[in-house]
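Take a look at the structure set out below.
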Amino acid sequence: MAPLCQWHEHETLFSSCASQQQNTKEHHKMYRVLHRALCTATEPATVSIKSISEDLYKEVKLKSVVEKFKKASDIDRFRKKTGIYEDTVRRLARAKRFRWVRDILEHQKQYSDISNEGFSSRLISLYGKSGMAKHARKVFDEMPQRKCDRSVLSLNALLAAYLHSKKYDVVEELFRALPTQLSIEPDLVSYNTLIKAFCEKGSFDSALSVVKEMEEKGVDPDSITFNTLLDGLYSKGCFEDGEKVWGQMGAKNVAPDVRSYCSRLVGLAGEKKAAEAVELFREMEKVGVKPNIFCINAVIKGFVNEGNLDEAKKWFGEIANSDDDPHKNTYSTLVPFLCEKGDLKTAIEMCKEIFNIRCRVDASLLQLVVDKLVSEGMISEAKEIGEIGKTNRYCRYKLNLPAEE
């Protein structure tokens, strides 16, 4: 609305005119029209951020997404919506439109928010998740000229940016250099990022040494610290080292969560210790940690590694008792094993189930079944799978089938 004094001036003006023109109907009509015009002109427009978000989501043309995003960025409330930024940048990066990622993120630098460390850290993070670490570093380096403080918050964003960009050596370089240069004390997140970088490059001795360094600095490891180590060690076959870290969790009073258990189950499966994996699975249930599909997959993998078809199929049946559907990895583990063991009936059933639950598997997995069926003379069954793959609505699979005679 217009300021009150301004409105009184308009009201006095119109009262004078009314007395001079004897309150004619035409004047009253004009007064009401102008009154509405003044109110409309000075009333702030209410923009629905939800409607903007939905419009961006539905927009098919990525160039239009960029244009609409930049326009919406003028709205202060929009710039506070971290989720919209994450979704849009992820969409552009997935399509490899890195020039447009840069376009919308550089556009943000014109706003006063850029002097806020949280906002700048968000841009650093978004560049990092797009694999554009050099641009992330540029935002970090520009912060002082924008009178924006740099603390452990922006340091961690920069470390994560290089981690996401798979520049693992640079993560260590920055971790060692920047805190001293900028008088910043690394925190738990900083150390966890460094550990993750070492695990990703397979430098497990260095990752374990960071835990000792943390203890010397008085920084207690948490579940993320241990889960990062467990996942790296068990998945890479370093079973004994994984067991040592598992034991350290108890010593540090850090309770294993579902991710911790899942990593150990993967380790046991790799060591062909399926029976121990089953015991661990049951232990999870007893202590109140609910197993997920990845835990079941690990047990299945353990029995597949041991060549035990009956138990592998039995544990596939366990999925029905969970809240999850089979994962693509479930089928990638079981279907080739079924073909190897000659259980083509179950392999066919699983292929049909893949289509029914709309699970996106690699075409090579379905082709494997088709080829095996053809080799066993089960031509009609092979063609049935090929036809379903070609005609289903969620993902079309072009499989090679025997030529018509």
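Computed from the coordinates by the stated procedures, all read-outs in this text should not be read as laboratory data. As the structure is a computational prediction, the values presented were derived from the model and not from experiment. As a convention, Cβ positions derive from the backbone with ideal geometry for all residues, glycine included, and neighbour counts pool all protein chains shown.
Values computed for the structure shown
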read-out	value
Scope region 339-356; condition among the acidic types (Asp, Glu) and within 34 Å of the chain's Cα centre (by Cα); matching residues	Glu349, Glu353
Hey, Lys166 under 20 Å from the mean Cα position of the chain (by Cα), of a type in the set (D, E, K, R) and farther than 19 Å from Thr82 by Cβ or not	yes
Hits in region 366-405 (condition: among the charged types (D, E, K, R) and in a loop (DSSP other than H, G, I, E, B))	Glu376, Arg393, Arg396, Lys398, Glu404, Glu405
Scope region 210-241; condition farther than 18 Å from Val289 by Cβ, part of a helix (DSSP H, G or I) and not charged (D, E, K, R); matching residues	Val210, Val211, Met214, Thr225, Thr228, Leu229, Gly232, Leu233, Ser235, Phe239
Considering residues of region 125-157 that are more than 13 Å from Leu182 (Cα to Cα) and touching a Gly at 6+ places or on another chain (Cβ under 8 Å) only, the residue surrounded by the fewest Cβ atoms within 10 Å (Cβ to Cβ)	Ala157
Odd one out for Pro326, checked against (1) under 30 Å from Arg393 (Cβ atoms); (2) not in a loop (DSSP other than H, G, I, E, B)	(2)
